[in-house]
Amino acid sequence: MRWCLALLICAFVATVNALSSSGSRLLVVLDETTEKSTYSTLWSDLEARGYDLSFESPKSDKLSLFEHGERAYDHLLILPPKSKGLGPSLTPKHIVDFLNKDGNIVLALSGKSSTSSAVSSLLLEVDIHLANDRSAVVIDHFNYDTISAAEKHDVLLLQRSTPLRPDVKAFFDGEGVLALPRVAPQTLGSDSQLLAPILQAPATAYAYNPKEEIPSPDDIEATGSQLNIVSALQARNSARFTVLGSVEALEDKWFSASVKAPNGKKVPTVNREFARQLTGWTFKETGVVKVGKIEHHLATEGEVAAEDLNPKIYRIKNETVFRIEVSEYSFDKWVPFEVPAEDALQLEFTMLSPFHRLALQPISRTETSTVFGTQFVTPDQHGIFSFRVNYKRPFLTNIEEKHEVTVRHFAHDEYARSWAISGGWVWIAGLWAVIGGFLAFVIVWLYSAPTVNKVKKTQ
Amino acid sequence: MAESSLDVLLKGSSGQRTRGLLRIIIILTIAAAAVASRLFSVIRFESIIHEFDPWFNFRATKYLVENGFYSFWDWFDDRTWHPLGRVTGGTLYPGLMVTSGVIYHILRLLTIPVDIRNICVLLAPGFSGLTALAMYLLTCEMSTSPSAGLLAAAFMGITPGYISRSVAGSYDNEAIAIFLLVFTFYLWIKAVKNGSIMWGALAALFYGYMVSAWGGYVFITNLIPLHVFVLLCMGRYSSRTYIAYTTWYALGTLGSMQIPFVGFLPIRNSDHMAALGVFGLLQLVAFAEFVRGFLPGKQFQKLLTSMVLLTFGLGFAGLVLLTVSGVIAPWSGRFYSLWDTGYAKIHIPIIASVSEHQPTAWPAFFFDLNFLIWLFPAGVFLCFQKLNDEHVFVIIYAVLSSYFAGVMVRLMLTLTPIVCVAAALALSSVLDNFLVMSKPTAETQAKANAKDAKIYGKMKNPVVGIYSYFSKAFVTGSLTLYLLIFVAHCTWVTSNAYSSPSVVLASRLPDGSQMIIDDYREAYYWLRQNTPDNAKIMSWWDYGYQIGGMADRPTLVDNNTWNNTHIATVGKAMSSREEVSYPILRQHDVDYVLVVFGGLLGYSGDDLNKFLWMVRIAEGIWPDEIKERDFFTARGEYRVDEEATPTMKNSLMYKMSYYNYQSLFPAGQAVDRVRGVRLPAEGPQLNTLEEAFTSENWIIRIFKVKDLDNLDRDHSNAVAFEKGIKRKRATKKKGPRVLRTE
Amino acid sequence: MPAKRHAASSTAAPASTTASLSSGPATLKSNSSVFDIAGHVWQQYTANTPQRTLLLDAFMAFLVLVGGIQFVYCVLAGNYPFNAFLSGFSAAVGQFVLTASLRMQISDSGATSSSKPSSKGKNARFADDEEVEEGISHERAFADYIFGSLILHFFCINFIN
C-alpha cells in the first residue's frame, strides 16, 4: 500500500519535472555526508524536479553563498548542524544578505538538539522567536503518534491547514496526516507583516523541555495555535524564508511511515507530499505572480496607436484606460492569474494619497496571463500622480507597480471659448457694438471733417 | 530706444549741434560704463548665472527657447514641487524670459550664433545701459538744465543700489524691470505734460510690459493714481491729467490682465483698488468741470453738492456690498508686511525668512547710495521750489519709496532711481550756479573729470550768481572730489560686494592668493551624473531652483514659495526625529536629501543657521508637533554642542549635518567653525538615511533615503544588525503578551 | 431727493431725452432749484456745442448705453464668463474714456475760436501753461485717438478670445 503510494507520487513527480521560476542551483547544508542518506528520498524528489543539488558541510572552507558579489546559489536548504553554530560562512549576516539578493531559504530546526545561538539570532531578526529553553519541543497529549511516541507524546499528527484568510490561495492543503516528530516551537512576533504561519500547532499543544520538570502553567510561553510548526517569511523582494520546526519529518523514515493517532486508524503519512509543497513554494515553483505588460492611455474609440500608448502626461478630467497583464507560475508553466473570489486586484491613482481606488476587472485572457483593466476619469487636480498596483498577499509574490505620470492643468486653448458659452454672447455683442460704433464714428468723423472746418472758418 | 533718445537730444540743443553730439557721446559713454562695471563678475569668475531665482529664470528661458512660446505658456512643470507640480506658465512673470527669447531669435536671424546662457548672463548689464538712457530722459523732463539728465544717467549707471541687482549673471526680473519702471515714469510724465493720448497709451504699453516682468508693478499701479490724486487735491486738475490718466488706466489695466498670472487681479485685489477709485473720481471731476463750463459759480456749487452726496452714497454702498460679498479680495500678506514690519514674523514666517524682506539696516543706505543719499533731500527740496506736475510726482515718489526702502531691503531698488533724479537735480543746480561765468581754471578742472560729472550743461544767464573765484573753485573742487569718491566707492562695492555669484565662493588663502570654492556645482553635478533622471531631491527651499537648474532633478520645494504647507512639510521632516521624518520622506517619494553644512569651512549661510526658520514655518502648520521652544536650551540659547537639547540632537537636520563629522578630527576635538563650538565626541547616528555624497569642503552633503527594510525590521535594528550588535532577546515583557491574530 | 435723481440721470446720459427741460429759463437766478440748473445746462449745451462735438457726444452716449446695458445684464444674469464680461464692459468704458479725451482735446483747442464760456476759478491759474503746451492739432489728436482705440480693441478681442 505504502509502496504503491510512493511509486505513484514518484511517477507523478517524474512526469511533472518541475523547475523553479527563479533558478535551479540548490545548496544543501548538512553536517556530514553520512547524514545525507537519511534524506535520500527528498534529494531524489528535488533532483527529479530539476534542481542541481550541491552538498556542503557548514565547516567546509569551500562553502560560500556568494561568488564575486553575486549569489552562487539560488536556493538554500539548511539542516540543523550537530555542532554549535553554522560556521563562519553562514553567519546570520550572510544569510540575510542571501535573502536580500533574492535567494530562497528553507531552514530546518530540530527538537532533538538545542538550536544554536546564531540561528536563534537570525530568526530574531525576522521576528520569529524560539523558546527560551533551546531544547524545548512541542507536546500534544491529544494528537500524537501512538506507534512511535506512545510515552513522550512528541510526534505530532496533524492535518494540513486550510488558509487562515479567505483571500489567500491554498498552497499547503490536502488530505492525509502529517507526522512531525520533535518539533522545535516557534512563535511569531506581532509586528512583522511579512510573516505567515504555514502550519500551526493544534489548540492542545504546548512546549516544554522533556528533560526537565513539567513547568507551572505560568511559565509556559506559548500554547495552542500561537505555536508554529512551519512558518514562512516572504521578504519585500519576495525572497522566501521557510522555517520548518521538525527536520525529522523530512527523513526517508517518516516519508514512508504509518502512524496512528489516539482513537484513530493506522494511516500512511503525507510527509513526502508536504515536503514537495513546502520546497516547491519556498523555491518559487508556486505562488509566483508576474506582471506582464502595463498599458495606460486615453480612452478612445478603436485601436490605440503605439505612440499614444503609455503617455507621460495626462490632463485633468481625461478619460483614462489602464490595463495590466498578470500571470502566475504553477510548477512548470505560466498560467493566467486568477484573483480569489473574495479578493480584488486594485488600482490606485495616487498623489500623496489615493484619489481613485478601483477594482481591476479581468478583461481578457491569453494562454499565459489574464489582462485586468479599468477605466476612470483623472481627478480635477494637477500634479505628479502614479498608477499603483499594490497587491501583497501571504504566499504570493508581491506585485508593487508604480508608474508615474503627470496630470497637467488645462492649456490656455482648452477652455471653452467665449462664443461657445451662450452667456458670453451678450458681451461679445457688446464688444462688437463698441468696435462697430467706433468704425462708424471714425467714418462719419472723417466725412464730416471739411464741413466742420468750414463752419469754424465762417465763425 | 537709441533713435528716440537721439531725437530728444537733438531737439534739446537745436542750433548747437556740437553740444548735442557731445551729449550723445557722453550718454553712450555712460551706458558703456554702466555695462562695463557690471562685468566684474564675469571677469572674476566666469559667465555663470548667479544666486537662486536667476536659475529658475534661466531654466524657464531655456524651456521657452526649446519649446516655443505656446508650450511655455501652457508649461506644467512636473519637476518642481513634487508631487504637486507647478503651473509654471501661469504663475510667473514672463517678461524676462520672453525678452531674452526674442533677443535670442533675433540674433539667430542675424546669423549670430550665441548661447542662450550668454544672453541671460549679459541681459542685466545690457538693460542697465538702457536704464541710464531712460534716466536721462526722465530727468530731462524734470529740469531745464541738461546737466541734470546727464548726471542722473551717470548716477544710475554706477550706483551700487542698482548694480546689486543687475551684475552680469544676475538674471532676475529686476534686471529689466527697473528700466521699464523708469521708462514708464518717463512716458507718464510726458503724457501728463502733453495731455496726449499717444503718450498715455505708450505709458500703458510699457506698464503692461512691466506687469509682465515684475511683481513690483504694483508700485506703479499705486504711485500714478496717487500722483493724480494729489494733483486733484492741489486743485491742479486739467484736461491733460484726465487724458493721460484715463488712457493709461483703461489701456494699462486691460493690458495687465493679458498676463495669465495677473489675470483678474486688477479688478479683484485691493492693491489695485486705488487706481480704480481715482479713475472714477477723475470721471466725476471731469464731468463737474464740463458742467461748470456752462454755469455761473453759485448754481454750480449747488449742483456739485448734490452730485457729491449722491456719488458718495452710491460708492460707499457699492464698496460695502462688494466687500461683504467677497468679490474684492482682502489685501495680500506681503502688502500688510509693508505697513507693519512685525506682521510677517508673526503671521507669515515664510515671507519673513527671506533675507531680502528684512528691514533695511541704516548703513545699507549709505553703502548703496553713498553721497547721493544726502543730495537726495536737497533735490526734493528743489522740486518744492518749482512745483510743476512732474515735480509733485518726484516728491510723492521720493516720500513713498524712502518709506518702503526702509521696510524691505529689496525695495531699495525702487528708491534708487528717484534718489538719482533728485541728487542729479540738486547737484546740477549747484554746479550750474557755481560754474556760470567761471574762470577757465574751474572749467578745465571740471573737464578733467568730465567722465564722472558731465558739466557741459547749457549755461543760462542767471540773474544772481556767485562771482567770487575762491568760492566757485572751492565748491566745484569739493564737489568734484565727492564725485570722484563716489566713483571709487561704486567701483569698490561692485567689485567686492556684488559680483559674487554665490554659487561659487571665493576666499583668500593666507598668502593672499584666491581660492575658488566650488562645492555647490560639484554636488549638483554629482546629482546629475549619479542619480536616476527622476530622483526626487529634498532640500530646504533656498536650493530648489539651483537643483532644478544645475542638477536637473525634481525638487520638493523651491524658491517660488507659493505653497506654505508644502514648505512646512519639508521643515517638519528636517526638524523631527527620524522616525517621524521617514514616513514623510516615503510619502513624498524622496530619494535624496541635500543639506548645506558650513561647519568645516566656516560658511555661515548654511542650513543649521536657517534651521530656526524651518522650525518656525513647520510650527505654523503643526503647532502640536514642532515647538520652537524645544530647540532652545533652558537658558534660551540656540546651541549645537554638548548642551544642545535632545530635540535638537535628534532632529534630522542636526544628524545630517554632523553625521560622521567627528571622524575628521582627533577624538573629542571636532569643532564647528561657523558656530565656534566643540561638538560632542560621539557623533549622531543615522538609520533611515545613508550618506551618498559629501563635497570637497563639506558644504553640501547628500543623503540617500533607504528603502524599507527587506525583512520589515526597524531601520535602527537593521543598522545595528549590520554593525554586528546582537539583538537582545525580548526578555519577559511586563503586562500581557501581545498575541498574533492570524 | 427727486431733483437729485434728475441731476444724476443727466450725469449718466447728457444726450438722453430730457428734452422737456430745454424750454427752461435762459438765465438762472441764484436760488433756482437743481432741477432748473440742469435744464439750464442742457440749454447752454445745445446752444453752444459745435456739430462735430455733438457727434462725439452722440458716440459717447451710445457707449454709455452699451456699457450700461452690459452692466445691468451682469447684475441681473451674473457674469459667468468673467473675462468676456470684463472685456465687453471695459471696451465700452475704455472707448468712452478715449472719446472723452478726444473731445477735451478738440474743444480745448477750439476754445479760442468758439464762444465757449471762459473757465473760471482754478483752471484760470494754469491758463498760461495750457496755452504754451496746447500745440496738439485736431489731426494729431485724432490720430492719437485711433492709436489708443486700436490698442484697446486688440486687448479686448484678445481677452475675450
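Numerical summary
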| read-out | value |
| --- | --- |
| Qualifying positions in the range A:399-415 - assigned to a loop (DSSP other than H, G, I, E, B), of a type outside the set (A, V, I, L, M, F, W, C) and either within 11 Å of chain B (Cβ to nearest Cβ) or crowded, with 18+ Cβ neighbours inside 10 Å (or both) | A:His409, A:His412, A:Asp413, A:Glu414 |
| Which numbered condition B:Ile106 misses (of (1) in contact (Cβ under 8 Å) with a residue 12 or more places away in the chain; (2) assigned to a helix (DSSP H, G or I)) | (1) |
| Considering residues of the range B:261-289 that are of a type outside the set (A, V, I, L, M, F, W, C) and within 11 Å of chain C (Cβ to nearest Cβ) only, the residue surrounded by the most Cβ atoms within 10 Å (Cβ to Cβ) | B:Pro266 |
| Some residue of the range A:115-125 being assigned to a helix (DSSP H, G or I), touching a Lys or Arg at 6+ places or on another chain (Cβ under 6 Å) and farther than 30 Å from A:Glu338 by Cβ | yes |
| Count of residues meeting criterion [within 30 Å of B:Thr569 (Cβ to Cβ) and part of a helix (DSSP H, G or I)] in the range B:75-95 | 3 |
| Matching residues in the range C:57-98 - criterion: being facing chain A (nearest Cβ under 8 Å) and farther than 20 Å from A:Ser422 by Cα | C:Phe59, C:Phe62, C:Leu63, C:Ala92, C:Gln95 |
| Residue list for the range A:195-221, restricted to those being polar (S, T, N, Q) and either part of a strand (DSSP E or B) or at pLDDT below 85 (or both) | A:Gln200, A:Asn209, A:Ser216 |
| Output for the range B:580-617, where each listed residue is out of contact with any Pro (no Cβ under 8 Å at 6 or more places or on another chain) and more than 17 Å from B:Met538 (Cβ to Cβ) | B:Gly598, B:Gly599, B:Leu600, B:Leu601, B:Gly602, B:Tyr603, B:Ser604, B:Gly605, B:Asn609, B:Leu612 |
| The range A:121-143, subset within 11 Å of chain B (Cβ to nearest Cβ) and within 25 Å of A:Gln277 (Cα to Cα), residue surrounded by the most Cβ atoms within 10 Å (Cβ to Cβ) | A:Leu122 |
| Set B:Gly95, B:Gly90, B:Gly68: member being modelled with pLDDT of 85 or more and over 19 Å from the mean Cα position of the chain (by Cα) | B:Gly68 |
| Restricting the range B:158-202 to residues that are hydroxyl-bearing (Ser, Thr, Tyr) and in contact (Cβ under 8 Å) with a residue 60 or more places away in the chain, the residue that is nearest to the other protein chains (Cβ to nearest Cβ) | B:Tyr171 |
| Subset tally (residues that are out of contact with any Asp or Glu (no Cβ under 8 Å at 6 or more places or on another chain) and touching a residue at least 40 places away in the same chain (Cβ under 8 Å)) for the range A:160-179 | 7 |
| Helices (runs of 4 or more DSSP H) wholly inside the range C:89-161 that include at least 2 residues being at pLDDT 60 or above | C:138-160 |
| Segments classed as helices (runs of 4 or more DSSP H), wholly inside the range B:212-310, with at least 1 members that are in contact (Cβ under 8 Å) with a residue 40 or more places away in the chain and among the basic types (Lys, Arg) | B:239-256, B:265-268 |
| Condition broken by B:Leu110, with the remaining ones in (1) at negative phi; (2) within 14 Å of chain A (Cβ to nearest Cβ) satisfied | (2) |
| In the range A:222-246, residue farthest from the other protein chains (Cβ to nearest Cβ) [restricted to those that are part of a loop (DSSP other than H, G, I, E, B) and of a type in the set (S, T, N, Q)] | A:Ser246 |
| Sole exception among (1) within 12 Å of chain C (Cβ to nearest Cβ); (2) under 30 Å from A:Ala196 (Cα atoms) for A:Ile435, by number | (2) |
| Single match in A:Leu233, A:Leu180, A:Leu156, A:Leu199 (criterion: within 29 Å of A:Glu285 (Cα to Cα), more than 29 Å from the chain's Cα centre (by Cα) and in the same structural domain as A:Ala275 (by TED's automatic domain parsing)) | A:Leu156 |
| Sole residue being at pLDDT 70 or above, within 11 Å of chain B (Cβ to nearest Cβ) and over 26 Å from A:Ala433 (Cα atoms), chosen from C:Ala47, C:Ala7, C:Ala3 | C:Ala47 |
| Test: B:Thr531 is among the polar types (S, T, N, Q), surrounded by 14 or more Cβ atoms within 10 Å (Cβ to Cβ) and at pLDDT below 85 | no |
| Some residue of the range B:235-246 being over 22 Å from B:Leu284 (Cβ atoms), more than 8 Å from chain C (Cβ to nearest Cβ) and touching an Asp or Glu at 6+ places or on another chain (Cβ under 9 Å) | no |
| B:Val230 vs. criteria more than 12 Å from every other protein chain (Cβ to nearest Cβ), β-branched (Val, Ile, Thr) and surrounded by fewer than 20 Cβ atoms within 10 Å (Cβ to Cβ) | yes |
| Unique residue being in contact with a Leu (Cβ under 9 Å, 6 or more places away or on another chain) and either modelled with pLDDT under 90 or buried (at least 19 other Cβ atoms within 10 Å of the Cβ) (or both) when the list is B:Met614, B:Met656 | B:Met656 |
| Answer from C:Gly67, C:Gly94 - the residue that is more than 21 Å from B:Met198 (Cα to Cα) and in contact (Cβ under 8 Å) with a residue 12 or more places away in the chain | C:Gly67 |
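The values are calculated or read from the model by the stated rules, or taken from the named source; none is laboratory data. The shown structure was predicted, so the numbers you read here are calculated from the model rather than taken from an experiment. Note that we place each Cβ from the backbone using ideal geometry, even for glycine, and neighbour counts take in every protein chain shown.
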